[in-house]
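Remarks on the structure that follows.
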Amino acid sequence: MVGWLSLFAFSVYYRLYQVPQSSKLAFFQVWSSIIGSIGLTIGMWLYNVHPFGLPKVFDMVFFIVGGSILLISFILFVLMTFKYTENNKAV
């Protein structure tokens, strides 16, 4: 749930505050959160279900990489909130 709830929280911020469409920080934050959420979800599924009989190390690495990418998106989001929040409220 952390990935999908995070995407919801990010979307609320983007809706309430004006972030320039040309912002590279926002671009990398959005794509890292999407990739991280999908990677974390697939990694959890692989780790818990073992559908393909892959080594447990592969499942664990997939899980960790997805979570790490999502963590990077959180860090980028924090940086972006400090950069764009002041005097940029859309509503």
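For this structure, a couple of remarks:
- Ranked order, 61, 19 - accessible area, probe 1.4 Å, largest first: 61, 19
- Relative contact order for the chain, counting Cα pairs under 8 Å that sit 6 or more residues apart, in percent: 42 percent
- Here the chain is treated as an ellipsoid with the same Cα gyration tensor; its semi-axes, largest first and in whole Å, are 32, 11, 8.
- Simple spin-label estimate for residue 16 and residue 71 gives 2.7 nm between the two label positions (7 Å along the Cα-to-Cβ direction from each Cα).
- In the context of the full set of protein chains, residues of the chain present 69 Å² of accessible surface per residue (probe radius 1.4 Å, heavy atoms only).
- With every protein chain in place, the chain: carbon and sulfur % of accessible area (1.4 Å): 74 percent
- For the chain, the longest principal axis of the C-alpha atoms and the axis of helix 2-16 are separated by about 10°.
- Between residue 64 and residue 34, the distance separating the two model label sites (each 7 Å from Cα on the Cα→Cβ line) works out to 2.8 nm.
- Simple label model, 7 Å out from Cα along Cβ direction - residue 23 to residue 45, nm: 3.1 nm
The values are calculated or read from the model by the stated rules, or taken from the named source; none is laboratory data. Keep in mind the model is a prediction, meaning the values are calculated, not measured. Cβ atoms come from the backbone with ideal geometry, glycine included; neighbour counts cover every protein chain shown. Surface areas here come from the heavy atoms of the whole protein model, side chains and all, with no ligands, DNA or RNA. Shrake-Rupley method; radii C 1.70, N 1.55, O 1.52, S 1.80 Å.
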